[in-house]
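All remarks here apply to the structure that follows.
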Amino acid sequence: MAASDTLAIRTLHIAAALILDGRGRLLLVRKRGTQAFMQAGGKIEPDETPEAALRRELHEELGGTPTQIHYLCETFAPAANEPGYRVHAHLFNVTMSGELSPAAEIETLRWVTLQEARQLPLAALTRDHVLPLAESLVLQPLV
């Protein structure tokens, strides 16, 4: 067994937002200096709940205010921007109010259809977990 096989997988604990608008478009963001589009959200600080982390990150990154937050699931995926890491993500369906604009480390904010999203370079979490959830929410919205 190689030494690299015995190393523990390093994990980043994050909270991420699946945000759909009234037309069924998905909000994706891209951080400065990166290629992959992903969900708004970020790392959970020590002693912070996933929902509190998400609220903080959405305010920092988008400037808007969450009006509704519904917990969807937790899942794992390779980290998009930190080689050798995976993310342990708490995913939330979020409705936002206010004008959203890229702030903090966010360079680009884009509203895309689910079909358009598939044409973009996506983080593994977005590609493998968020898009299927978004499809189900577009077909059967949460009440």
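Here are the numbers for this structure:
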item: Filtered residues of the range 80-91 (kept if in a loop (DSSP other than H, G, I, E, B) and surrounded by fewer than 18 Cβ atoms within 10 Å (Cβ to Cβ)); result: N81, E82, P83, G84
item: In the range 92-105, the residues that are of a type outside the set (F, W, Y) and buried (at least 18 other Cβ atoms within 10 Å of the Cβ); result: N93, V94, M96, L100, P102
item: Which listed residue, of L109, L114, is of a type outside the set (F, W, Y), over 11 Å from G41 (Cβ atoms), surrounded by fewer than 19 Cβ atoms within 10 Å (Cβ to Cβ) and within 13 Å of the chain's Cα centre (by Cα); result: L109
item: Check on D21, charged (D, E, K, R) and either modelled with pLDDT of 95 or more or over 25 Å from T113 (Cβ atoms) (or both); result: no
item: Candidate set from the range 54-79 (those that are in a helix (DSSP H, G or I) and among the acidic types (D, E)); member that is surrounded by the fewest Cβ atoms within 10 Å (Cβ to Cβ); result: E60
item: Pairs with Cβ under 8 Å, 6+ apart, first in the range 114-137 and among the β-branched types (V, I, T), second part of a loop (DSSP other than H, G, I, E, B); result: T126/A36; T126/Q39; V130/Q39
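To keep it simple, each residue is scored yes or no on (1) out of contact with any Pro (no Cβ under 9 Å at 6 or more places or on another chain); (2) modelled with pLDDT of 95 or more.
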| residue | (1), (2) |
| --- | --- |
| L62 | no, yes |
| E82 | yes, no |
| V87 | no, yes |
| H90 | no, yes |
| T113 | yes, yes |
| E116 | yes, yes |
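The values are calculated or read from the model by the stated rules, or taken from the named source; none is laboratory data. Everything numeric here is computed off the predicted structure, so don't read it as measured data. With ideal geometry, Cβ positions are generated from the backbone for all residues, glycine too; neighbour counts draw on all protein chains shown.
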